[in-house]
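Since every read-out is calculated from the coordinates, none of them should be taken as a lab result. Just so it is clear, the model here is predicted, and its values are computed rather than measured. Don't worry about glycine lacking a Cβ; one is built from the backbone with ideal geometry, like all the others, and counts go over all protein chains shown.
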Amino acid sequence: MVFDFYLFKKKIEQITCIKFCVKNEIKCADALRMFTVAYEEATLDRSNVYRWYKMFSEGREDVNDEERARRPSTSTTDEKLNCRGVVHHELLPQGRTVNKEYYLQVMRNMLEVIRQKRPDLWKNKNWLLHQDNAPAHTSLFVRDFLAKNNILMMPQPPYSPDLTLLTFSCSLN
């Protein structure tokens, strides 16, 4: 399962809006209609909107969901990853620093290389981008580009020196 930060952010936004609607006595059905217009396919489903509306009506204040026990994983990483070597690499010219503009050009070059070298992955969008949390990688400029190109990212937890980046291209089975 890939963590989709965009959808998570949209969920929290909507839950916050539900809290606002409850405090302003806006009916749940009206709130759901507004969410459908504003969030389109990222709208929370009806049952979740009503569940959160009920919780806030009963006095809940926290917009964060409760931690729940999850089903144990039945697969291993080896079964999920199919690695076929480096797809693209670029050397940084001497004296050059990586900023958001430079990194965006690297991303554009990478997309073209994936399109040419891995047409099966390109066609099916069956790949993930894994990068660290360097400022150039996480800039709004770059995140907008990735979102506009529907590039799925494997999140890198902050401050995780024990976790290294994948240095190769992997596709999901």
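Pairwise inverse Cα distances across region 5-57, averaged and inverted, put the Kirkwood hydrodynamic radius at 10.8 Å.
Can you pick out the pairs among Lys27/Lys54; Lys10/Lys123; Lys19/Lys54; Lys11/Lys100; Lys23/Lys54; Lys125/Lys148 whose Cα atoms lie more than 21 Å from each other? Write down the numbers at each step before the final one.
On the way: Lys27/Lys54 11 Å; Lys10/Lys123 27 Å; Lys19/Lys54 10 Å; Lys11/Lys100 27 Å; Lys23/Lys54 12 Å; Lys125/Lys148 13 Å.
Going by Cα-Cα distance, Lys10/Lys123; Lys11/Lys100 fall outside the 21 Å limit.
Please report the net charge: other residues with Cβ closer than 12 Å to the Cβ of Ile26, K and R +1, D and E -1.
Net charge around Ile26: +2.
Residues of region 121-145 with an amide N closer than 15 Å to a point placed 7 Å from the Cα of Thr97 along the Cα-to-Cβ direction: 134-137.
So what's the net charge close to Phe141: Lys and Arg +1, Asp and Glu -1, counting the other residues with Cβ under 15 Å from its Cβ? List each step's numbers first, then the result.
On the way: positive: Lys100, Arg108, Arg143, Lys148; negative: Glu101, Asp144.
After counting each charged neighbour, the total is +2.
Fully extending the segment from His130 to Thr36 would add 30.7 nm, taking 0.36 nm per residue of separation and subtracting the current Cα-Cα distance. Positive contributions from Lys and Arg (+1) and negative ones from Asp and Glu (-1), summed over other residues with Cβ under 12 Å from the Cβ of Arg51, come out at -1. Taken about its Cα centre, region 5-57 carries a charge dipole of about 200 debye when Lys and Arg each add +1 at the Cβ and Asp and Glu each add -1 at the Cβ.
Placing unit charges on the Cβ atoms of the charged side chains and taking the dipole of region 5-57 about its Cα centre, the candidate lying farthest along the positive direction among Trp52, Cys28, Leu7 is Trp52.
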